[in-house]
1. What is the percent of Cα-Cα separations in the stretch 405-655 that go past 26 Å?
2. Divide by every residue of the chain the summed helix terms, -39500 (n - 2.57) for each DSSP H run of at least 4, and state the resulting mean residue ellipticity at 222 nm, rounded to the nearest 500 deg cm²/dmol.
3. Farthest toward the dipole's positive end in the chain, which of 157, 479, 298, given Cβ charges of +1 (Lys, Arg) and -1 (Asp, Glu) about the Cα centre?
4. Along the charge dipole of the chain, Cβ charges K/R +1 and D/E -1, which of 631, 598, 357 sits furthest on the positive end?
5. Can you give the alpha-carbon Rg of the chain over 2.2 N^0.38 Å, where N counts its residues?
6. Please tell me the relative contact order of the chain in percent, rounded to the nearest whole number, where contacts are Cα pairs under 8 Å and at least six residues apart.
7. If the chain between residue 160 and residue 397 were fully stretched, how many nm would it gain, using 0.36 nm times the residue separation less the Cα-Cα distance?
8. Name the residue farthest towards the positive end of the dipole of the stretch 405-655 from the options 514, 422, 468, assuming +1 on Cβ of Lys and Arg, -1 on Cβ of Asp and Glu, about the Cα centre.
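What follows is calculated from the coordinates using simple rules that are stated; it is not laboratory data. Since this is a predicted model, take the numbers as computed values, not measurements. Cβ placement follows ideal geometry from the backbone for every residue including glycine, while neighbour counts extend to all protein chains displayed.
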Amino acid sequence: MSDVHSGIKKSADAAAGKIISWAEIEKLETCFDRANRLKPCPIGETGACCRVCHMGPCRLVGKNAEEEAVGVCGASLSTIVARNFVRMIAGGTSAHSDHARDMVHTLHAAATGEAKDFHIRDVKKLYKVAGILGIEFEGRAVNDVGKDVAETLLQDFGRQGGELNYVRRAPGKTQERWKKYGITPRGIDREVVESMHRTTMGVDHDPDHLLTQGLRTALADGWGGCMVSSDITDILFGTPKPVKAEASFGIFKEDEVNLIVHGHEPTLAEIIVEVVSDPAMVEYAKSKGAKGINLGGMCCTANEVLMRHGIPTAGGFTNQELGIMTGLVDAITVDVQCIMPAIAKLSKKFHTKVITNSKKAMIPGAVHVEYDEHSARETAETIVRMAIDNFPNRTTKGSHVTDKFPLIAGFSHEYIEYMQGGSWRGSFRPLNDAIMAGRIRGVVGLAGCDNPRVPSTGLHRFLAEELIKNDVLIVSTGCGSAACGTAGYLTPETALEMAGPGLREVCEAIGIPPILHLGSCVDNSRILTIATAMAAEGGLSEEIGGMPAVGIAPEWMSEKAIAIGCYFAASGVPVIFGGHSPVGASKEVEDIMTKVWFDRFMGSLHFEPDPEKILALALQYIDAARDALKLRKYEPGKFGAERVLLDMAARREIDKGGARPHVGL
Ligand code: SF4
Ligand code: MSK
């Protein structure tokens, strides 16, 4: 039975809850209903079902669930569990990296003038990347450098031996561990293909050996696909810096054309940002009775345009159907990844047009307007016009909610460095010092999807609140950021209200929120380079492993999250995922991921459904790392000596060439 309050139990977000309740009354189905109806298969859920050949599927259940149980071919439970897990890593790595490949092609086409709508906007970032790749840039034409950067990075996809270019960005000690245990990634495609080969019928049967290849593939994702994607997006569209925006369903406007960009790829969305402010297009919207064109986003395409232009977000993964149910969305254009096919069918009950735009992704029931980087503006204009043309078809049907929250996003590695010392003296010293003094207890990367199998966004909210209360600085990405944004947690005021005393002081001094929105899912790579910079700064660990830092994805659902979790574990970060374990059927595999990986890489991967236990484990890891580094014991409200953090006024002085304030105590 539905009631007006039942939506609140399905999502922790009050605005989402209102729409879910309305949908129940209107008998409109959502992912929350389907999650309720389709209980997870208990065999597949724990990784105990093998379907890699047609002698199976072999389900090791019941009396088969003993450790000695085997499939028809003789594969053990641990082999099957490890194989399934490695295939998830390969799937996730493919998604991020295929996106990265397209970004490289776009940079190349922009640099050669073939894609006339794209240009290199951030020359400083281009030069930074060229420097890392050993490409000469001084005195050369910008586009020539861009072309060389694209061609060099493209080699990383098909590289057959050696190592990925960006491996050299990791701290030396981290690289040594990778070499010692044979997980330095060679080529991105090679690692994915080898993982698929080794997990097919009758190849690799040793769980540890399989999982080692899984880590190598995950590193190809983190230090390959994700990092390449973030860098090229910055080069083409600008490295993010703090920007104000808004989040939740209240971003939709009753009197304007509402167009949503959804998925993961920033390229077409960037051009749509330009097109919606084109005066001729605005006039066209007015001719159809609208006051203007309102662009919003969802999931990670939203994060990309939010980080660089302050385009508002309607939220994360579980909000996509609910957005359509407001009745205010005239068109939603989707590229790749995390798009529920259900939105096409649902849109028929409203006036919303669902427009697929990727060559790689079509949805039955949606309109397809194919994007090509060589004619991007044309595609963008067609889509914007379709949204405008659909505005007069809007009816009053829908659950109009007005809730929205202000937020600040746009925290790139480069900006975080800048905010700690200005253009000339940017560093990670103040952050390291604040951690050493115990003002900041540690850092948590709070990331990953939101999920209809828990009160959606609720685990993110709980952990965000508790961690900052415990003086833990949060860096967030993907739908984790959307969950915090739609809760109103991404403003500096949050620090005043909710953060512990040490973290609050740091946030007030620098003028930042206690939760830093770093961008989309691929931007998790920014956390890797930040951790590397903190290691290089000194005073904490000399490698990524051993830092008082933890990764948490409490509501994950995507294979991409698994690839991300594994590249953090292999890089030296303990990682805790929520939900039931996809390797829960094998204690041997669980032990490899929590104990063996920790011994080898100082990182691990846990699965823990209880959010209280996730919190306790994260703090335990942080405090253990502080102890091992012989840092001051964390005590709320009691800090050791540390350098003075620079406020905005002091930073401006430095940028003007003034003296650096005294930073030692
Ligand atoms: Fe069964 Fe072995 Fe085939 Fe898997 S590979 S389905 S365990 S026979
Ligand atoms: S969109 S991968 S639901 S975070 Fe990057 Fe969100 Fe998870 Fe997709």
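1. Of all Cα-Cα pairs in the stretch 405-655, 33 percent lie more than 26 Å apart.
2. -14000 deg cm²/dmol
3. 479
4. After comparing all options, I get 631.
5. On the way: Rg = 24.2 Å, N = 665, 2.2 N^0.38 = 26.0 Å.
Scaled against compact globular proteins, the figure is 0.93.
6. Averaging sequence separation for qualifying contacts and normalising by length gives 16 percent for the chain.
7. 79.7 nm
8. Farthest towards the positive pole: 422.
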